[in-house]
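Remarks on the structure that follows.
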Amino acid sequence: MAEFNAARDLDDIAHTASKGWMIAGLIGGAILGAAAVVVTGGAALVVVSAAAAGACAAGGIGEVLGSMSWAPRHNTGKLTSGSLNVFVNSRAAIRAHLSKGNCDEHSGSLQLVAEGSDKVFINNFPAARIGDRLTCSAEISSGSDNVFVGGGKYQTDLINPEIPDWVNWLMMGVGTAAVAVIASPAIALLGLAGAFGGGYAGSWLGGKVFGEGSDGQKWSMLAGSFIGGYAGGKGGMKFDAWRAVTKEAPLAENVVKANIEPEPMSLSDAVGQKTATEWIQEGRRLADKNDFEASKMLTDDQVGALYGYTTNDGYKMINPALRGSDVMTPELEAFAKHATDGLNKLPAFEAETFRGMPSLPESVLESYQTGNVVSDKAFMSTDILKPFDGAIKMNVDGYSGRDITFLSKYAGKESEVLFKPDTKFIVTNREDINGVTLIHLKEVP
């Protein structure tokens, strides 16, 4: 298990050379691209396109190379807001999510420490080390000389890239358009798709072989992008050649059949005509009455599935199958699909909710320990106001649940917020007091 120097209050943070090297690549690539075409006597539009394509390609390569471990870093600030009761070398220990950094490149607001150890926790949050990042992508660049923290990386907060996503999308769009002018749209689009696919494959393979975030992974991503882009471009050339030969062929010969994903079976087929009709009619009546705008977002099958889930028969029908204790039939898959599709159409509810239950299997309850990431393969019901009575109570700090009170069978008694299957949470605290287990959960990506 790798170990890294523990981070402390007033240790340095630094940014990579990605931004500077990207700019240098943009300028150098534009000059080389334009010069190459001018020397060969290209037309004005082709010169501009070649310059744009060269700039975008070189800029992207410069961005990746600037993030390598051997590329120079420049200090941009100090860490602050360390632990009040845990110290390393007489300096406050730094924790993910709670501690911050004062970054010169992002003046006006402190940046949260967003990564830490997945094995060592300080005040219930991951201990931060050299190499862990802040929300602005700055890395912790200095730490203790004699205190080390092991474990892999655990991310607690969203990390904004050093180069904003819109810049990369803009470079991709300009580069693709430039290649379309120089070569053809088919070569540009298939080359782009190949580069994307090859880059993702190279990144995945490099992460497995060399480790996530390593230089080896980044080199693998670059190599995969070049290989995939080359293969895609060759495919585009073959497509253009085929199109040139067949463009005079009858229209019927050029029709491409699209693969259309079949619709899930209807709710009537899934739970029976009588039950589906009752669920849809009652669910739609409640939805139209309580929140007409939300009701309009949902199909009849989605309304019926969500209302049905709030009944005793509904959740007892689907949740055991999702957890694997009952057989998951095609009918139950369709029921779950309609409910999930309905949730996806509703606005997210970002607030603390509550959950209560009389008991859990011992192995499941044991997994709810502070620092563990847990999930339920079934739908998870919570309440906005108070939990059900029971020996186990959960306070849930979530951001992806959906408020389905407006069509719930128990709308007058409950305020239900429903989370989709496999939603992940980190256990931030657990207390066992007088026979009652109180668990605090925070949703994580």
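At a glance:
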{"quantity": "Complete set of residues in the range 82-113 that are under 22 Å from V427 (Cα atoms), in contact with a His (Cβ under 9 Å, 6 or more places away or on another chain) and either β-branched (V, I, T) or surrounded by fewer than 17 Cβ atoms within 10 Å (Cβ to Cβ) (or both)", "calculated": "V113"}
{"quantity": "Filtered residue count, the range 353-377, keeping only those that are among the aliphatic types (A, V, I, L, M) and under 24 Å from T156 (Cα atoms)", "calculated": "4"}
{"quantity": "Count - residues of the range 280-337 that are surrounded by fewer than 20 Cβ atoms within 10 Å (Cβ to Cβ), touching a residue at least 12 places away in the same chain (Cβ under 8 Å), in contact with a helix residue (DSSP H, G or I) (Cβ under 7 Å, 6 or more places away or on another chain) and not aliphatic (A, V, I, L, M)", "calculated": "8"}
{"quantity": "Among the residues listed as D422, D389, the single one being surrounded by fewer than 17 Cβ atoms within 10 Å (Cβ to Cβ) and under 27 Å from the mean Cα position of the chain (by Cα)", "calculated": "D422"}
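Taken together, the values in this text are just the output of simple stated rules run on the coordinates, not laboratory data. Just so it is clear, the model here is predicted, and its values are computed rather than measured. Neighbour counts run over all protein chains shown; Cβ positions are idealised from the backbone, glycine included.
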